[in-house]
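Please treat every number below as a calculation from the coordinates, not as lab data. For clarity, every value in this text was computed on a predicted model and none was experimentally measured. Because the Cβ atoms are built from the backbone with ideal geometry, glycine has one as well, and the counts that use them run over all protein chains shown.
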Amino acid sequence: MRIFSAIPRHRPHGTRKPRPARRAQAGFTLMELLVVLAILGLLAAFAAPRVIQYLSAAKSDVAAVQIDNLAAALDLFRLEVGRYPTSDEGLEALMTQPDAAPEWRGPYLDKRDGLTDPWGRPYAYSQPGEHGGDYDLYTLGADGREGGEDENADIVNW
């Protein structure tokens, strides 16, 4: 008969005490994961409309800045050539030399994408202008139709 004692037995040098079996790794329960996903979903539901609103307002702001840049390029074209590009030449005259403009020293824009509004449509240009200026330069906003409000509003140079 063997008696168990609280006195540890001696082990030969270099042997290790056996490790106890590993418990299952601690992790998240399905319920905890569902709660976190629900919280993230609620946050996204409240934040998404605000982000979309800021994005649409930013596109309108970008269009207004691009129209100002195009107006400056058109003024430089007029200064060097002596006239604004005709409606037939269009805004493309700011990037490539028209046949009827030997004084052209362009291009007057750094990038061709400056001729396209934030919604992917080319800016409308007509010369002479119908709204009291030398030319009309505009975009019809997100909806591509005249009039509108907010992101659908027309952005014009007059």
### Query
Gain in length, Glu146 to Ala58, computed as 0.36 nm per residue apart minus the alpha-carbon separation, to one decimal in nm?
29.7 nm
### Per-residue Cβ neighbour rank within 10 angstrom, fewest leading, Lys111, Lys59
Lys111, Lys59
### Query
Around Gly106, what is the net charge, scoring Lys/Arg as +1 and Asp/Glu as -1 over all other residues with Cβ under 15 Å from its Cβ?
-2
### Message
Could you list Val156, Val51 so that the one with the fewest beta carbons within 10 Å of its beta carbon is first and the one with the most is last?
### Response
Val51, Val156
### Environment charge at Pro128 (Cβ cut-off 12 Å; Lys +1, Arg +1, Asp -1, Glu -1)
-2
### Summary
For Arg78, the net charge from surrounding residues (Cβ-Cβ under 13 Å; K, R +1; D, E -1) works out to -3
